[in-house]
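Reading through the structure tokens given below for one structure.
The values are calculated or read from the model by the stated rules, or taken from the named source; none is laboratory data. Computed from a predicted model, the values in this text were never measured in an experiment. Reconstructed Cβ throughout: ideal geometry from the backbone, glycine too, with neighbour counts over all protein chains shown. Only protein heavy atoms, including side chains, enter the accessible area calculation; ligands, DNA and RNA are left aside. Shrake-Rupley method; radii C 1.70, N 1.55, O 1.52, S 1.80 Å.
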Amino acid sequence: MHADVIVIGSGIAGLSVALAAAPRRVLLLSAGRLAVDGASHWAQGGIAAALGTGDSVEFHVRDTFDAGVWVGNRAVIREVCAAAPEAIEWLVNLGCRFDRQHGQLHLAREAAHSHARIVHAEGDGTGLEVMRAMSRAVRQTPGIEVHEGVTAQALLQDEQGHVVAVRCLDAMGRSCVFRAPVCVLATGGIGQLFTYTTNPASAQGQGLSMALHVGAELADLEFVQFHPTALHPPAELAATKLASLPLLSEALRGAGAVLVDATGAPIMAGIAGGDLAARDVVARAVYAAQMHGGALLDAREAIGRDFPHRFPTAFASCMSQGIDPRVQAIPVVPAAHYHMGGVRTDAAGWTTVSGLAAVGEVACTGLHGANRLASNSLLEGLVMGRALGDQLRGMTLPSTSSIVPDSVDTFVGEWPQPPCSMELRSMMWRCMGLRRNAEDLRIGLRRLHDLMVEPPAGGPALPRIRLMSRMLRAALARSGSIGAHWRDDEPDAAVAALNPDAVRAA
Ligand code: SIN
């Protein structure tokens, strides 16, 4: 099959590219069902946009740069924050029903935002509503051909190294090849490489692995964000047996819920920013409390009886595990949530490999620096996806019909691979989790090296092992602690080396 553009992935980033690129002929490959596959439809908090009284794009830029510990790409930050209000309007015009108060968009508050600026829907059901409206628009757009149940296995290059096709498995398990002069990765994240994650089962890093295989540069792989409040299931449900843990949105703390330790003492008391400090700071504090008896999110006083209608998704998750958040504090654990690192792209979304673009979580544009600001992820997918789609619509594209390779390079262990084993997930949690040190990272690397040299039959697949190994090496190479990358053996160095005012002024 032949098109102008292949988009792999059907979350907010992939759909934004496809919609903006129309009337180009777009093949949209979705591993599951449209609007249901991937992490976007799970998103609770919302989309950040400077729309409130007293807020400005400048403030949004500053909050994003500060949360990212001053290493984000300021040009990208400015572009994305400036485009946010118009992107929200575009979604409203597509039919997104965001929550309103007195006719105006209601704006929630989340951690490390100086202003209330989170646009949301159905309380904490933002992703569901956004994906509903976008997927309906996609189905109504004639140039977009949706292929559901199709899993990308490998990117195929011509002799000059251009990516010109994608080999896939279709819903019946048959191998097929899709061809186009441009391929866009919009495959999401890597949360499933860790014991605890809020990500869906599909977040296995397949986009990164495919990009790595064709020689694309990856960047900032050590920057993995851990959300402070995943619901910690009761012992009988053993968290380690669950592929994903339910998220308890930061908007709960924005609405006044507080984190407490096992004795009921506030965890964030005395820490700058308190319960709304930057996500990396809160996640480490929750992790420390968890190591000493447990951490809980107490919403009884601030939200209480309003919980079911203000946060219906979180309420249903709690109740399904026998926890009534109106009358009980909720046990929480930090969990891998978002990858700031990814396939290196320029500000327009192009990777270092010709014909290959990347957008959304799989990409590393530098927007998030070392720690992503809450609700900037749907925003990035939306803004960067639309910008890339606009560019593709206006570009002259070569025909690939004559340059698709007949014989295809095969490599050991293609996607789809079996889910990451619990042994490796817990190795990653231990070595590459919220607190790291050189010794543990080296132990992890040795284990991965052994698996690469002698892969056990039916054991972990090589592309994933290579990716994990890259991540561990990136963490070992970055000495000092910064944002989500915390080194117990070098706690201060990287942060102390930075002077935010000097960086801002530069
Ligand atoms: C949340 O609702 O806490 C998550 C939002 C995000 O990850 O940006």
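Treating only the Cβ of Lys, Arg, Asp and Glu as charged (+1, +1, -1, -1), what charge dipole size does segment 1-126 show about its Cα centre? Round to the nearest 20 debye.
I would put it at about 240 debye.
Expressed as a whole percent, the accessible area of segment 106-242 that falls on carbon and sulfur atoms is 51 (1.4 Å probe).
The alpha carbon gyration tensor of segment 220-336 gives principal lengths a ≥ b ≥ c with a/c below 1.5, which makes the shape rounded. Eigenvalues of the alpha-carbon gyration tensor of segment 1-148, scaled by 5 and square-rooted, set the equivalent ellipsoid semi-axes at 29, 18, 14 angstrom, largest first. Geometric descriptor of segment 1-61, per residue, is 120 Å³ (volume of the convex hull of the Cα atoms). Each label point was placed 7 Å from the Cα along the Cα-to-Cβ direction; for residue 217 and residue 439 their separation is 3.5 nm. Remark: C-alpha extents of the chain on the principal axes read 67, 57, 50 Å, sorted largest to smallest. Sorting 214-223, 100-109 by average packing, meaning the other beta carbons within 10 Å per residue, from highest down gives 214-223, 100-109. Using the rule -39500 (n - 2.57) for each DSSP H run of four or more residues, divided by the residues of the chain, the 222 nm mean residue ellipticity is -10000 deg cm²/dmol.
On full extension, the segment bounded by residue 145 and residue 324 gains 60.0 nm, given 0.36 nm per residue less the C-alpha separation.
Couplings for segment 81-90, taken from phi via the Karplus curve 6.51 cos²θ - 1.76 cosθ + 1.60 with θ = phi - 60°, read 5, 5, 7, 4, x, 5, 5, 5, 4, 4 Hz in order; Gly and Pro are left as x.
Once the Cβ-Cβ distance between residue 396 and residue 346 is put in as r, and R0 is 30 Å, what FRET efficiency do you end up with, to the nearest 0.05? After rounding to 0.05, the efficiency reads 0.95. Across the chain, C-alpha contacts under 8 Å between residues 6 or more apart give a mean separation that, scaled by the residue count, equals a relative contact order of 22 percent. The ratio of the alpha-carbon radius of gyration of segment 270-322 to the globular-protein estimate 2.2 N^0.38 Å is 1.34. Projecting the Cα positions of 433, 171, 480 onto the charge dipole of the chain (unit charges on Cβ atoms of Lys, Arg, Asp and Glu, taken about the Cα centre) puts 171 furthest along the positive direction. Within segment 70-157, the proportion of Cα pairs with more than 21 Å between them is 50 percent. Farthest toward the positive end of the dipole of segment 1-150, out of 90, 61, 104, is the Cα of 90, where the dipole comes from beta carbon charges about the Cα centre. Think of each Lys and Arg Cβ as +1 and each Asp and Glu Cβ as -1; about the Cα centre, that makes the dipole of the chain roughly 380 debye.
Annotation: amide H of residue 218 within the under-5 Å range of 344, sequence separation 5 or more or interchain, hydrogens built in the peptide plane. As an equivalent ellipsoid, segment 340-392 spans semi-axes of 18, 13, 7 angstrom, where each value is the square root of five times an eigenvalue of the C-alpha gyration tensor, largest first.
Computed from the Cβ-Cβ distance with R0 of 25 Å, the FRET efficiency linking residue 175 to residue 446 stands at 0.10. Classify segment 155-222 from the C-alpha gyration tensor, please: rounded if a/c falls under 1.5, else prolate or oblate depending on whether a/b exceeds b/c. Taking the square roots of the gyration eigenvalues as a ≥ b ≥ c, segment 155-222 is oblate.
Taking every protein chain into account, the accessible area of the chain amounts to 38 square angstrom per residue (probe 1.4 Å). For the chain, the share of DSSP beta bridges that are antiparallel, to the nearest 5, is 65%.
Between the listed residues 370, 448, 330, the Cα displaced farthest toward the positive end of the dipole of the chain, a dipole computed from Cβ unit charges relative to the Cα centre, is found at 330. The alpha carbons of segment 278-382 give a radius of gyration and a Dmax of 18.3, 56 Å, in that order.
Residues whose amide H lies under 5 Å from that of residue 225, counting only those 5 or more places away or on a different chain, are 337, 338, 339, 340; hydrogens are built 1.01 Å from N in the peptide plane. Between residue 92 and residue 201, the FRET efficiency estimated from the beta carbon spacing at R0 = 41 angstrom works out to 0.80. Between residue 492 and residue 243, full extension at 0.36 nm per residue minus the direct alpha carbon distance yields a gain of 86.3 nm. For the peptides 55-64, 203-212, the ranking by mean Cβ contacts within 10 Å, running from highest to lowest, is 203-212, 55-64.
Using a probe of 1.4 Å, the accessible surface attributed to residue 176 totals some 30 Å² when neighbouring protein chains are kept in position. Computed 3J(HN,Hα) for segment 127-144, one whole-Hz value per residue from the Karplus formula 6.51 cos²θ - 1.76 cosθ + 1.60 where θ = phi - 60°, is x, 4, 5, 5, 5, 4, 5, 5, 5, 5, 5, 4, 5, 8, 9, x, x, 9, glycine and proline marked x.
Across segment 298-307, coupling constants 3J(HN,Hα) worked out from phi with the 6.51/-1.76/1.60 Karplus curve, θ = phi - 60°, read 9, 10, 5, 7, 6, 10, x, 5, 7, 3 Hz, and Gly and Pro carry x. Of the accessible area of segment 1-105, computed with a 1.4 Å probe over protein heavy atoms only, carbon and sulfur atoms account for 52 percent.
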